[in-house]
Each structure stands twice: as C-alpha cells, then as structure tokens.
Amino acid sequence: MAIDLSYPSEVQSLAERTRTFIREHVLPIEDAHDGDIAAAGGEKLRVELQQAARDAGVFAPHAPIEFGGHGLDMSNRAPVFEEAGYSLFGPTALNIAAPDEGNVHMLAHIADPEQKQQFLAPLARGEVRSAFAMTEPAPGAGSDPSALTTRAVRADGGWRINGHKWFITGADGAGFFIIMARTSGEPGQRGGATMFLAPADSPGIRVGRHIDTLDKSMIGGHCEVVFDDLLVAESAVLGEVDRGFEYAQVRLGPARMTHVMRWLGAARRGHDVALAHVAHREGFGSRLGDLGMIQKMIADNEIDIAATRALLTRACWELDRGEPAANATSIAKTYAAEAIFRIVDRSMQMCGGLGVSADLPLARLSREVRPFRIYDGPSEVHRWAIAKRAVSAAKRAQRDSE
C-alpha cells in the first residue's frame, strides 16, 4: 500500500504564508497582552486581525470556497491550523477559532440553502461570531449528552425552547446560537435531540455571567445562557427533528482534531522557546542543552510532537474518507491533550524561573492548553469509550469464532 504523507504545493504555500503572518503580525500583539484577548481589544482586535489575514491571503482556510474560504479538507487543514495556533490569537485572526470553526464545518454539511445564506455565509466571512449551546449545569448534559434537559416543544408555527446552558464559548457577542434541545424522550435516554438556529437578539435569549476559567484567549468568554420561552420558526430546525445527537458527531470529531492542530502549534512554540533558551544558557560547566536531563526532556518533547501529528494524520484520513472515525478521534484527542500539556510543562521546566514568569510565553501557554484535557470530552470519558469499543470488538470476534 502506497502511503504519501506530503501536502499539495498550494497547501504548503498557504501554511508558509500563515507562518509568516503569525510571526510578523499576530505574535507581537499576543506577547504585549499576555495572551488575554479581552485585554488586547476583544471584538475590535478580532476585526482588525481578520482583515489583516484577508490581506495576507490566509483567511478562512477551512470554509467552503463559495463562501470565501480555501475549502481545505481535514487532512490539509492540519499544517495550516498548526501554524495559526503558534500564536494564541492566530486562530481568531484566521477565523478558525472555536466554536466558529466547528460551526462552519457543521453548517456546511447540514444546513439547507436558506440557512447557509443566513448563517453560514456571514460566519465564514467573519461578519459575525457564533455559539454552540449544548452543555448544561448538573444534572444536565455535559460529558454525557444524553442527560440533555433543555426542551423544545411544538408551538404555533414553530417551537418554544426553555433551558439553562453554561460554559458556552463565545456566547457574549455572538451573532447567533446553535441550540441543542430535547424534542422527545427524557433525560438519560439516547436520541430525541434537535438542533435549532436562532439569532442572538431573539426575544427569550439571555446571556449571563462569564464563567472565569484558566484560559483567556477565546473571544466571547465561556458564559451561562438562558433560553426562556424562546420561540423559533419551523425553518430554524437544523437538519431533521430528533437527529441532533447524530448531527453533533459531524461537528465534534472534526472539532476535536482542529483543537489538536491549533494547540499543537502552541506547544511547538513552547518547545521552540525552551530550545532557544537551553542552546545558549550555561550552567554546571556547560550549556544546558548538553546536559543529559535536559536532553531527555527535549527528546520527549520531540516524541510527543511527532506522535501527536501521526495520530492526528490517521484520524483526519478517516474523516476525509467519510468514516465516523470515533475511535481514531478519541485516541488522537486523548493523547494530544495530555502530550501538548507535557510539552509545555517540560518547556517551562527547562527554562527554570523564566519559565513561570511573564518574560516568556510558557506560563500563559500552560494556562491555555491545560483545559484541553476537559474540553471536547475529558480524557477519562474518551478512555472509557475506547475501552468499551475494544471490549465489544473482542466479544464480536469471539462470537464469530464459535
């Protein structure tokens, strides 16, 4: 079987232009504001950075060509997204930050033509932001989406939605919401969810407090959102009624992999900073980079970077083939979330006191990548799913052999 791991020349060119753009235009702004996007200008900064990305020809690499993007598939996104993620503000600049990037992907696959014009087109062009409203306070939907309690019931001409969400990334300032609500069954039962589209200024949508979290680089915060008798038309249904959990997989698998791409870029920056430090810093009679304990950390970082890329490549290959890729994406996400944190943590250690200071970006990188072990499914949940599939496969094999 022939295996070609090279990228088309146009993708290599786009990745290189992204690399230059990030280093010349975006990193200085991140460094000046310690990676805090609100302190750096928030929405005003987003608009400015995205215009600069358009001017540089690197804007919206993931979006469909008919909506102004480059139309890259999952595999070809990897090198471009990694270069964008080298700066914490890079994904925002290219319009590939969460949740907008995942919402563009899902709308492109599920929305009808009218919905694409109303919601996908302005989102892909960076004219608005969006939010994906699924996670709820306990006992509602979290790592177990079947616990969904937000409910939509039929009303004259459409649906009436009531529910309480939280940790809704980008909710403050979003132009519209994609809302996951139960349309049949009871919490704890599989199935029975539907996705709805609603402009953010619709009566019945209230964005509440920002939940203060470790990370500071995602615009619009992680907010509580209340839907109080929100009335939406029948045309607001995204896809078909009661197929929301199925559609969520269209978004979640790819979104997990694009998180890996972006945060691998951040980890690479941490590794580069540490390498530059140990290559010239002297101690104990030699350069730090010549000491065995430092060399072990360098090697372990290199291994984690290579292994993360390899698992990512496999998962994206399956996704591009139209496969569910549930196991491949769980494996890649779980390994990457932990490896990326290890890379940044080792890099901090190699830099000693400077590593935990604001003089280097390592402390803020650690702050940003740590939540990835929870976001998009905690590592423990993914391990449970991986093990469950493995045991099920073993049982099937045993039955087939009998």
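The values are calculated or read from the model by the stated rules, or taken from the named source; none is laboratory data. These numbers were taken from a predicted model, which means no experiment stands behind them. Quick reminder, even Gly has a Cβ in these numbers, built from the backbone with ideal geometry, and neighbours come from all protein chains shown. Remember, those area values only see protein heavy atoms, side chains included, never the ligands or the DNA or RNA. Shrake-Rupley method; radii C 1.70, N 1.55, O 1.52, S 1.80 Å.
Where in the chain are the DSSP H helices whose C-alpha atoms run 24 Å or more along the long axis and whose mean Kyte hydropathy is at least -0.5?
For the chain, where a helix must reach 24 Å along its axis and average at least -0.5, the hits are 244-280, 292-320, 326-350.
If I model the stretch 36-185 as equal point scatterers sitting on the Cα atoms and use the Debye formula, what is log10 I(q)/I(0) at q = 0.16, 0.18 Å⁻¹? Treating every Cα as an identical point scatterer, log10 I(q)/I(0) equals -0.94, -1.11.
Taken over the alpha carbons of the stretch 182-256 as equal point scatterers, the Debye sum produces base-10 log I(q)/I(0) values at 0.15, 0.18, 0.20 Å⁻¹ of -0.73, -1.01, -1.14.
Computed over protein heavy atoms with a 1.4 Å probe, the accessible surface of the chain works out to 44 Å² per residue.
Using C-alpha pairs below 8 Å separated by at least 6 residues, the relative contact order for the stretch 132-223 is 30 percent. A DSSP coil position with no more than 14 other Cβ atoms inside 10 Å describes the following trypsin sites (Lys or Arg not before Pro) in the stretch 281-376: 321. If R0 is 35 Å, the Cβ-Cβ spacing of residue 153 and residue 210 corresponds to a FRET efficiency of close to 0.70.
Distance distribution P(r), the stretch 137-217, all Cα-Cα pairs, bin width 5 angstrom from 0: 3, 13, 23, 24, 19, 13, 4, 1, 0 percent. Given the chain, what whole percent of its Cα pairs are spread farther than 31 Å? In whole percent, the long-distance tail amounts to 39. Ligands, DNA and RNA excluded, the heavy atoms of residue 347 present near 0 Å² of accessible surface to a 1.4 Å solvent probe. Would you mind getting me the FRET efficiency between residue 281 and residue 51? Use the beta-carbon distance for r and R0 = 41 Å, nearest 0.05. Computed FRET efficiency for residue 281 and residue 51 comes out at 0.55. The loop-placed chymotrypsin sites (Phe, Trp or Tyr not before Pro) in the stretch 46-117, going by DSSP, include none that has at most 10 neighbouring Cβ atoms within 10 Å of its Cβ. Each Cα pair under 8 Å and six or more residues apart adds its separation to the average, and for the stretch 344-402 the resulting relative contact order is 18 percent. Entry note, the chain: relative contact order of 15 percent, from Cα contacts under 8 Å with a spacing of 6+ residues. The gain in end-to-end length when the residue 293 to residue 317 segment is fully stretched comes to 5.0 nm, 0.36 nm per residue minus the alpha carbon separation. Take the Cβ atoms of residue 359 and residue 390, set R0 to 41 Å, and the FRET efficiency comes out at 0.35.
The alpha-carbon of residue 44 sits under 25 angstrom from the alpha-carbons of these lysines, leaving out residues fewer than 8 places away in its chain: 216. Loop-only trypsin sites (Lys or Arg not before Pro) in the stretch 145-192, please: DSSP not H, G, I, E or B, and at most 12 other Cβ atoms within 10 Å. Here the sparse-neighbourhood loop sites are 190. Projected label points at residue 380 and residue 16, each 7 Å from Cα along the beta carbon direction, are separated by 4.7 nanometres. Altogether, the Stokes-Einstein calculation at 10 °C and 1.306 mPa s, with the Kirkwood radius of the stretch 265-385 over Cα pairs as Rh, returns a diffusion coefficient of 104 µm²/s. A straight line joining the Cα centroids of the stretch 169-198 and the stretch 277-296 runs 52 Å.
How many angstrom lie between the Cα centre of the stretch 204-218 and the Cα centre of the stretch 1-42? Between the Cα centres of the stretch 204-218 and the stretch 1-42 lies a distance of 26 Å. With contributions of -39500 (n - 2.57) from each DSSP H run of at least four residues, the per-residue ellipticity at 222 nm computed over the chain stands at -15500 deg cm²/dmol.
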